[in-house]
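Colleague: Dropping the structure in here first, questions after.
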Amino acid sequence: MPCVGLCYAERSRFLLLVKPFRVVEHVTDIDLEELQQEGVQGFIFDLDNTIMAPHTGILDDVIAAWLKKIESMGFQSVVVSNNPLGFYTQEAEKTLSIPVLGNAGKPRRGALYKALRLLKLEPSQVVVVGDRPLTDIWAGQRLGAKTILVDPLTKHQEHAVVKVLRRLERLFVY
């Protein structure tokens, strides 16, 4: 009998693609030593709501110190953002002192492959970190990288509709 919509096997395969390797509350809660032991050498970060408050261009001091720590531990980093505004991603790159690739179109993988080339690493050597299961985590899983889902930086300041959509997205994943 033909399957209507997504068959069970297809649903299971899709859910595996949006289920993160790890979930942490804040990007600074990531266990760096554990990742090093697992062979991770680089990070591909989402920008808005992962390492910077959306559309601000302002880097929190705690995250700035954490980014310096990961650099001192030998990790490499690139930011891959869906934000299409070139001036914004250029300013973010200056603020972060990390390459920022904008207009990424995640969950498509093109920009992630470009990030891998910049890092000179294989997918198994990087972790993709983001706040959205259906963009960041899905793209990272499709790439073949480890993925870490973080709570959005501005989760307490978001509009009620956005909060509901995020809850639904996460319920869908779990």
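The values are calculated or read from the model by the stated rules, or taken from the named source; none is laboratory data. What you see is a predicted model; the values in this text were computed from it and never measured. When we count neighbours, we look across all protein chains shown, and the Cβ atoms used for this are built from the backbone with ideal geometry, even at glycine. We work out accessible area using only protein heavy atoms, side chains counted, and drop any ligands, DNA or RNA first. Shrake-Rupley method; radii C 1.70, N 1.55, O 1.52, S 1.80 Å.
Colleague: Going through segment 72-86 one residue at a time, which ones are assigned to a loop (DSSP other than H, G, I, E, B) and either over 21 Å from GLU34 (Cα atoms) or open to solvent by less than 30 Å² (accessible area, probe 1.4 Å) (or both)?
Modeller: The answer is PHE75, SER81, ASN82, ASN83, PRO84, LEU85.
Colleague: Let me ask something else about it. Among PRO107, PRO123, which is modelled with pLDDT of 95 or more, surrounded by 13 or more Cβ atoms within 10 Å (Cβ to Cβ) and within 16 Å of the chain's Cα centre (by Cα)?
Modeller: Residue meeting the stated conditions: PRO123.
Colleague: Identify all residues within segment 87-103 that are assigned to a helix (DSSP H, G or I) and open to solvent by less than 40 Å² (accessible area, probe 1.4 Å); write none if there are none.
Modeller: Those that are assigned to a helix (DSSP H, G or I) and open to solvent by less than 40 Å² (accessible area, probe 1.4 Å): TYR88, THR89, ALA92, LEU96.
Colleague: Let me ask something else. Tally the residues that are in a helix (DSSP H, G or I), surrounded by 13 or more Cβ atoms within 10 Å (Cβ to Cβ) and not hydroxyl-bearing (Ser, Thr, Tyr), restricting the search to segment 19-54.
Modeller: 5
Colleague: Within the bounds of segment 55-65, is there any residue that is in a strand (DSSP E or B) and either among the small types (Gly, Ala, Ser) or open to solvent by 70 Å² or more (accessible area, probe 1.4 Å) (or both)?
Modeller: No: zero hits.
Colleague: What residue, of VAL100, VAL62, is within 21 Å of THR28 (Cα to Cα) and in contact with a Leu (Cβ under 8 Å, 6 or more places away or on another chain)?
Modeller: VAL100
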